[in-house]
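The structure under discussion appears below in the form of structure tokens.
Derivation of every value follows stated rules applied to the coordinates shown; laboratory data play no part. Every value quoted in this text rests on a predicted model; they were computed, and no experiment measured them. We place every Cβ from the backbone using ideal geometry, glycine too, and count neighbours over all the protein chains shown.
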Amino acid sequence: MKRRKPAYRARLDQDKAWERLNVLNMSQNELARRIGRSQGFVSELFNGRRYAAGETRRRMVAALGVARFEDLFILEEYGE
């Protein structure tokens, strides 16, 4: 049986994200406004109940002023 390629999803690194919010003196509400998402969506990202898709990740990286994807997100393998 042929083995599938592993699939990955990006989980927000909560500690790093909180650190950036604190440095920027920004609330989750302000972050949500800047990335065009609801506060509830952002809260679920911070609590690990949701995973960010490509455009949301790019907007978060820009809004929080980090240089690299890895500065905010952790790739997790999922599936079979």
Gain upon complete extension [R68, W18; 0.36 nm per residue less C-alpha separation]: 16.4 nm
Projected label distance in nm at F46 and R33, using a 7 Å step from Cα toward the beta-carbon: 1.5 nm
Percent RCO, i.e. relative contact order, over the chain, from Cα pairs under 8 Å lying at least 6 residues apart: 49 percent
Over the chain: helical MRE at 222 nm, DSSP H runs n ≥ 4 each giving -39500 (n - 2.57), nearest 500: -13000 deg cm²/dmol
